[in-house]
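Quick notes on the structure that follows.
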Amino acid sequence: MVKTNNKKVEKKESTKDTLKEEKIVKKSNGKFLLIIGIIVFMCIMTWIVKPGLYSNGEFIASESIIRNGIYDLFFTLRNTIYYNSDDIVYLLLVGASYGILSKTKGYSKLVTSLSEIVTRYRFASMCIVTLVLGIFASLTSNILSLVWLMPFIVSVFLEAREDKFTALLAAVGGPLIGLVGLTFGTYTNLQLMTIMGLEYSSAIWLKILVFIVTYGFFNLFACLRMRKNNGKIDDTDADIFKPIEVDESTVKRYYRAKVWPTVLGLVIVSIIGILAFINWSASFNVTAFNGIINSIAKIRIHEVPFLANILGLSAREFGSWTILGLGVVLFLTSIVLGLISRMSFDSLVEESLNGIKKFIKVIFMYIIIQYFFVFMNVDILLYNDRYLNTAAYLWPVTLINAIIGSKFSVIRIFFGGLVGGLFMVNPENLGYTVGGYLYAAYSDHLLGSAFALRAGYAFGQLFVPTALILMLGLTYLDIPYTTWLKRVWKLLIPVLMILLLVSFVLA
C-alpha cells in the first residue's frame, strides 16, 4: 500500500514538473510568436490600409491598395539576410568568440574576480556599467556594437549571485539610457538632422539633462530591484556562456593561468570599439583620423605601399568602421587568448561552433526584428511588376500621418515617433520618411519637432516588441517579454514625463 502511494506521489510530481517545463517553453517562445504575429498583422494591413508618403510638406495617399502576399513574406526574409549580412556575421562572431573565451581559465578567473567586486559594491557596479555604456550609446546610438559585451556583463552579475533580471538591466540598461538621452547619436540620427537642417549639438545641454535624469531614474529602478533580491539568488544556470570552473589549489603559482592577457585583450577590443564608432569630426570636430588611410597609402617602399596593403583595401578610418570589423577584432582576440590557454586547433573550432549554436536564438531574434525594417523597404517591391513605381508608398506612413495630423502638436509628433519606431525599427528610416514633412510643415518648430519624433522613438525602445537591444537581451537570458512589461512600467512614467517636458520646452 505504501509503495502504491509513493508511486502516485512520484507520478503527480513528474506531471507537475512536465507541466512546469511546458509552461517555461511557452513563455520562452512567446517573444518570437509575438513578433511573428505582428509580421502577419503587417501583411494583412497591406490589404486594408491605403499606403501613403510625405512629399513637399504634405501627405499623399496612394490611389490603390498595395497588397503583399505569402511569396512577399518569404522574399522579404531573403532580403533581410542580404541587407543585414554584416550584422549577422558580427553576431555569429560574437557567439564564436565567447564559445572560446568561456572555456579559457583566464576569462573564468577574470569573471570571478569582477563578480567579487560586484558582490561588495552592488549598487555602484550597476551605476558604473550603465554609465559607461550609456555615454557610448548616447554619443553614437550604435547599440548593436555593444552586444559583444552582453555575455561578459551577464556572466559577471550572475556569478555575483544577482538574478537574471538584474543581469539584464546591467547589460541593456546603458544602451537604453543612451537612446533616451541621445546627445549626438551620429550613427542613426544623420537623416533626421540633415533633412531638418539641424546640428548634432543643437540644444546639447537639454539633451545632457535628459540623459542625466534618465540615468538617475533607471538606476533607482535597478537598485531597488537589486535591494529586493539581496544578491542571494543563484541564476548561473541561465548563463549560456557560463565560464568553466577553475581549481588551481594544487597547481604551483608560476603555472597558474594568468588573467592579464584576457584583461589586455578585452581592453584593446573596447578601445578599438570606442575609436571606431564615435564620429569624431561630427561630434567633437576632431579631425585627427581624417585622411589617415590615405596618409598610410603614401608610405611606400620601392614604390609599393606595404602598410596599406597589409591593412587591406577595405580598411576604414576610425569613426567610420562597419560593425563587422569589430566582430573580426573580437574573434581574433578570442583565438589568441585560446592559444595562450593552450587550446588545440580542434578545440578552437569546436568551441567556436558551440558558441554560435548557443547564440543562435539571439541571432534569429535579430533577423526577425530586422524583418520589419526590410518589409518596409522600397526595394522588395521593385521585383514585382504589379507594384512597380509604387514602392515608396507605405501603409505605416498613413498611420503615422493620422497620429501626427496637420496642426503642430508635440504630443502627436511624439507618439507618431513611437508608432513609427514600432513598425520601421530603424530610426534612420523613420527620420528619412517623416523628417521632410516636419521640416516643411513646421518650419517654426524644427528643433522641437525633431526632438519629439526622436524622443518618441527612444521611449518606445523601452517596451515595444521590436526594440532591438531589449529583445536581444530578453532572448539571451530567456526572460519572457511579459515579465519585462510587468516590471518596467514604473520606469516608463517618469521617463515619459521628462521627454514630453523637454519637447514642449524646445518647441
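Using the structure shown, decide if ALA238 is of a type in the set (A, V, I, L, M) and closer than 18 Å to GLY473 by Cα. Quick ask: steps written out before the conclusion?
Details: of a type in the set (A, V, I, L, M): yes; closer than 18 Å to GLY473 by Cα: yes.
Yes; evaluated as a whole, the condition is true for this residue.
Out of (1) under 30 Å from VAL397 (Cα atoms); (2) out of contact with any strand residue (DSSP E or B) (no Cβ under 6 Å at 6 or more places or on another chain), what's the single condition that is false for ILE60?
That leaves (2) as the condition not met.
What residue, among those in the range 396-440 that are free of Cβ contacts under 8 Å to residues at least 12 places away in the same chain and part of a helix (DSSP H, G or I), is surrounded by the fewest Cβ atoms within 10 Å (Cβ to Cβ)? Quick ask: steps written out before the conclusion?
Taking the range 396-440 and keeping what is free of Cβ contacts under 8 Å to residues at least 12 places away in the same chain, we get 402, 405, 407, 409, 412.
Then keep just the ones that are part of a helix (DSSP H, G or I); that gives 402, 412.
Values: ALA402: 14, ARG412: 17.
Among them, the one singled out is ALA402.
State all residues of the range 263-299 that are surrounded by 14 or more Cβ atoms within 10 Å (Cβ to Cβ), part of a loop (DSSP other than H, G, I, E, B), hydrophobic (A, V, I, L, M, F, W, C) and modelled with pLDDT under 80; if no residue qualifies, say none.
VAL286, PHE289
Condition test on ILE208, is it touching a helix residue (DSSP H, G or I) at 6+ places or on another chain (Cβ under 6 Å), modelled with pLDDT of 90 or more, surrounded by 13 or more Cβ atoms within 10 Å (Cβ to Cβ) and not small (Gly, Ala, Ser)? Break it down into steps so the answer makes sense when it comes.
On the way: touching a helix residue (DSSP H, G or I) at 6+ places or on another chain (Cβ under 6 Å): no; modelled with pLDDT of 90 or more: yes; surrounded by 13 or more Cβ atoms within 10 Å (Cβ to Cβ): yes; not small (Gly, Ala, Ser): yes.
For ILE208, the condition - touching a helix residue (DSSP H, G or I) at 6+ places or on another chain (Cβ under 6 Å), modelled with pLDDT of 90 or more, surrounded by 13 or more Cβ atoms within 10 Å (Cβ to Cβ) and not small (Gly, Ala, Ser) - is not met.
Select from the range 56-77 the residues that are modelled with pLDDT of 80 or more and farther than 12 Å from ILE368 by Cα and list them in ascending order.
Across the range 56-77, the qualifying residues are GLU58, PHE59, ILE60, ALA61.
Checking the structure you have, find out if any residue of the range 116-127 is in a helix (DSSP H, G or I) and within 20 Å of the chain's Cα centre (by Cα).
Start the filter on the range 116-127 by keeping residues that are in a helix (DSSP H, G or I), which leaves 116-120, 122-127.
Then drop every residue that is not within 20 Å of the chain's Cα centre (by Cα), which leaves 126-127.
Checked against the condition, which is being in a helix (DSSP H, G or I) and within 20 Å of the chain's Cα centre (by Cα), the range 116-127 yields at least one hit.
Can you list residue pairs whose Cβ atoms sit under 8 Å apart, with the first residue in the range 95-110 being assigned to a helix (DSSP H, G or I) and the second being surrounded by fewer than 24 Cβ atoms within 10 Å (Cβ to Cβ) and acidic (Asp, Glu)? Count only pairs 6 or more apart in sequence or on different chains.
What qualifies is GLY99/GLU351; ILE100/GLU351; LYS105/GLU248; SER108/GLU245.
Mind checking which residues of the range 441-460 are polar (S, T, N, Q) and surrounded by 24 or more Cβ atoms within 10 Å (Cβ to Cβ)? Don't jump to the end; show me each part of the working.
Pass one, the range 441-460, residues polar (S, T, N, Q): 443, 449.
The one that is polar (S, T, N, Q) and surrounded by 24 or more Cβ atoms within 10 Å (Cβ to Cβ): SER449.
If you check TYR442 against the conditions, is it at pLDDT below 90 and of a type outside the set (A, V, I, L, M, F, W, C)? Working first, answer last.
Numbers: at pLDDT below 90: yes; of a type outside the set (A, V, I, L, M, F, W, C): yes.
Answer is yes for this residue.
Check the range 119-127 and report whether any residue there is farther than 18 Å from TYR187 by Cβ, modelled with pLDDT of 95 or more and crowded, with 23+ Cβ neighbours inside 10 Å.
Looking for residues that are farther than 18 Å from TYR187 by Cβ, modelled with pLDDT of 95 or more and crowded, with 23+ Cβ neighbours inside 10 Å, one finds at least one in the range 119-127, hence yes.
I'd like the residue in the range 463-507 that is part of a loop (DSSP other than H, G, I, E, B) and in contact with a Phe, Trp or Tyr (Cβ under 7 Å, 6 or more places away or on another chain) and, out of all such residues, is nearest to ASP444 (Cα to Cα).
The first filter runs over the range 463-507 and keeps only residues part of a loop (DSSP other than H, G, I, E, B), leaving 463-467, 478-480, 507.
Then keep just the ones that are in contact with a Phe, Trp or Tyr (Cβ under 7 Å, 6 or more places away or on another chain); that gives 465-466, 479.
Working: PRO465: 34, THR466: 32, ILE479: 45 Å.
If we take residues in the range 463-507 being part of a loop (DSSP other than H, G, I, E, B) and in contact with a Phe, Trp or Tyr (Cβ under 7 Å, 6 or more places away or on another chain), then THR466 is nearest to ASP444 (Cα to Cα).
Does GLY178 count as over 20 Å from PHE284 (Cα atoms), of a type outside the set (D, E, K, R), in contact with a Ser or Thr (Cβ under 9 Å, 6 or more places away or on another chain) and free of Cβ contacts under 8 Å to residues at least 60 places away in the same chain? Full working, then the answer.
On the way: over 20 Å from PHE284 (Cα atoms): no; of a type outside the set (D, E, K, R): yes; in contact with a Ser or Thr (Cβ under 9 Å, 6 or more places away or on another chain): yes; free of Cβ contacts under 8 Å to residues at least 60 places away in the same chain: yes.
Spelling it out, it is not the case that GLY178 is over 20 Å from PHE284 (Cα atoms), of a type outside the set (D, E, K, R), in contact with a Ser or Thr (Cβ under 9 Å, 6 or more places away or on another chain) and free of Cβ contacts under 8 Å to residues at least 60 places away in the same chain.
Can you spot a residue in the range 467-482 that is at positive phi and within 22 Å of the chain's Cα centre (by Cα)? Reasoning before the result, please.
Filtering the range 467-482 for residues at positive phi gives 478.
With the extra rule that they be within 22 Å of the chain's Cα centre (by Cα), the set shrinks to 478.
Yes, the range 467-482 has at least one match.
Give the residues of the range 475-488 that are surrounded by fewer than 24 Cβ atoms within 10 Å (Cβ to Cβ) and in contact (Cβ under 8 Å) with a residue 12 or more places away in the chain, sorted by residue number. Spell out how you get there, then give the answer.
Within the range 475-488, the first condition is being surrounded by fewer than 24 Cβ atoms within 10 Å (Cβ to Cβ), and the residues that meet it are 475, 477-488.
Passing the criteria: THR475, LEU477, ASP478, ILE479, PRO480, TYR481, THR482, THR483, TRP484, LEU485, ARG487, VAL488.
Looking only at the range 211-230, which residues are more than 21 Å from LEU131 (Cβ to Cβ) and either among the aromatic types (Phe, Trp, Tyr) or touching a helix residue (DSSP H, G or I) at 6+ places or on another chain (Cβ under 9 Å) (or both)? So that I can check it myself, show each step before the final result.
Restricting attention to the range 211-230, the residues satisfying the condition of being more than 21 Å from LEU131 (Cβ to Cβ) are 228-230.
The answer is ASN229, and nothing else.
What residue, among those in the range 150-198 that are outside any helix (DSSP H, G or I) and of a type in the set (A, V, I, L, M), is farthest from the chain's Cα centre (by Cα)?
The first filter runs over the range 150-198 and keeps only residues outside any helix (DSSP H, G or I), leaving 160-163, 181-189, 197-198.
When the remaining residues are screened for being of a type in the set (A, V, I, L, M), the result is 160, 182, 198.
Values: ALA160: 24, LEU182: 15, LEU198: 26 Å.
The qualifying residue farthest from the chain's Cα centre (by Cα) is LEU198.
Return only the number of the condition from (1) under 28 Å from GLY338 (Cβ atoms); (2) surrounded by fewer than 23 Cβ atoms within 10 Å (Cβ to Cβ); (3) modelled with pLDDT of 95 or more that VAL94 does not satisfy.
Among (1) under 28 Å from GLY338 (Cβ atoms); (2) surrounded by fewer than 23 Cβ atoms within 10 Å (Cβ to Cβ); (3) modelled with pLDDT of 95 or more, VAL94 violates only (2).
The values are calculated or read from the model by the stated rules, or taken from the named source; none is laboratory data. Please read these numbers as outputs of a predicted model, since none were measured by experiment. Because the Cβ atoms are built from the backbone with ideal geometry, glycine has one as well, and the counts that use them run over all protein chains shown.
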